[in-house]
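Trainee: After the structure tokens below, expect a handful of questions from me.
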Amino acid sequence: DEYGTSKFIEYGYYGMDIIYWSNSEHKLRVIDYNFMPSKEVESDSSISYPDDLNCICSGNNIVGGVQTVIFICESASTKDRYLLLVDTSPLKIRKCIKLDPSLHISKSNMITVNKLTATYIYCISNNELYAYSWETNDERKFALPGINSNETISYITNQYFYYLWDTSTNFNSLIVGTQSGNNYKLYFYNSENMNGGQPISEGTSIEGEGIVKSVRFLSSLAITGKNHLATTPLYPLTD
């Protein structure tokens, strides 16, 4: 694409649109299922945002049966952060929220989006977990059962596989990583350890050597399954 893309790519309505952040234009663009040249994602005339934004996180949310595509951006000049909420049918930017600089999400470099269970964007700040909701425009602190206060949190992601036609390999995990020297530990908060997007009990964990950069799991159903276009995104494309 002549406008350039970035690693922040999300599926739109039933997977038929690909919405991405253009690094060169500092805007959202979309390619439809016909793979025609991309075009800028439209918005109402009342919506505006700085022209020097850089995307730092993206995600999908389908709570309440409504798909919302989320892009979190930061202004290069002011360091203010903005939340772009995108409707998928019809495709347009629904809202642009300038985040209060006092919020933890406005300062954190570890951010991930909840897709299935709550309208939350999680972040790690001061070695603690916070959840911001764009519906209530507030932030709350959640405990992380099983993680000791002396562990340094270095990673967070919400990974899932969500296939309507065969649920045998479906899962939904908030994954929090800690680092000590060259040793990592990953904590998995699964459905049975969460309530409405909040961790409520200790989950499973694994540990090993190295530094965690990314976590991915992909079921064979992502390749062999049918009717992919009759569901929402099966798995996250970004952290």
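Trainee: If I model a spin label at V66 and N137 as a point 7 Å from the Cα along the Cα→Cβ vector, what separation in nanometres do I get?
Mentor: 1.6 nm
Trainee: Just order 113-124, 143-154 by mean Cβ neighbour count inside 10 Å, highest at the front, would you?
Mentor: Descending packing order for the listed peptides: 113-124, 143-154.
Trainee: In the chain, how many lysine pairs have Cα atoms under 15 Å apart, counting only pairs 8 or more places apart or on different chains?
Mentor: Step by step, the pairs that qualify in the chain add up to 11.
Trainee: Do any chymotrypsin sites (Phe, Trp or Tyr not before Pro) in segment 1-56 lie in a DSSP loop with no more than 16 other beta carbon atoms within 10 Å, and if so, which?
Mentor: Passing both the DSSP loop test and the Cβ count: Y3, Y33, F35.
Trainee: Expressed as a whole percentage, what fraction of the accessible surface of segment 6-80 belongs to carbon and sulfur atoms when a 1.4 Å probe is rolled over the protein heavy atoms?
Mentor: 51 percent
Trainee: Something else now. For the chain, what's the radius of gyration and Dmax over Cα atoms, in angstrom?
Mentor: Computed over the Cα atoms of the chain, radius of gyration and Dmax are 17.8, 52 Å.
Trainee: Can you give me the P(r) profile for segment 19-158? Cα pairs, bins 5 angstrom wide beginning at 0, each as a whole percent.
Mentor: Answer for segment 19-158: a P(r) of 2, 9, 19, 22, 20, 14, 8, 4, 2, 1, 0 percent.
Trainee: How big is the gap, in Å, between the Cα center of segment 62-137 and the Cα center of segment 142-174?
Mentor: So the separation of the two Cα centres works out to 18 Å.
Trainee: Arrange the peptides 187-196, 204-213 so that the one whose residues have, on average, the most other Cβ atoms within 10 Å appears first.
Mentor: Highest mean packing first, the order is 187-196, 204-213.
Trainee: Once neighbouring chains are kept in place and the probe is 1.4 Å, which whole percent of the accessible area of segment 93-174 is contributed by carbon and sulfur?
Mentor: Looking at segment 93-174 in its full context, I get 45 percent from C and S.
Trainee: Now for a separate question. At each listed q (0.08, 0.09, 0.13 Å⁻¹), what is the log10 of I(q)/I(0) that the Debye formula gives for segment 98-239 modelled as equal alpha-carbon point scatterers?
Mentor: Rounded to two decimals, the profile gives -0.23, -0.29, -0.60.
Trainee: If you place +1 on the Cβ of every Lys and Arg and -1 on the Cβ of every Asp and Glu, how big does the dipole about the Cα centre of the chain come out, in debye to the nearest 20?
Mentor: 140 debye
Trainee: Which Rg and Dmax, in Å, describe the Cα atoms of segment 100-178?
Mentor: That works out to 13.8, 43 Å for Rg and Dmax.
Trainee: Using a Förster radius of 22 Å, what is the FRET efficiency between N190 and S102 based on their Cβ-Cβ separation? Nearest 0.05, please.
Mentor: Given R0 = 22 Å and the Cβ-Cβ separation, E is 0.10.
Trainee: Pop a pseudo-label 7 angstrom from the Cα along the beta-carbon direction at both S45 and T167 and give the gap in nm to one decimal.
Mentor: Inter-label distance under the simple model: 4.7 nm.
The values are calculated or read from the model by the stated rules, or taken from the named source; none is laboratory data. These figures come from a predicted structure and were not determined experimentally. Cβ coordinates were reconstructed from backbone atoms using ideal geometry, including for glycine residues, and neighbour counts include every protein chain displayed. The area values use the complete protein model at the heavy-atom level, side chains included, leaving out ligands, DNA and RNA. Shrake-Rupley method; radii C 1.70, N 1.55, O 1.52, S 1.80 Å.
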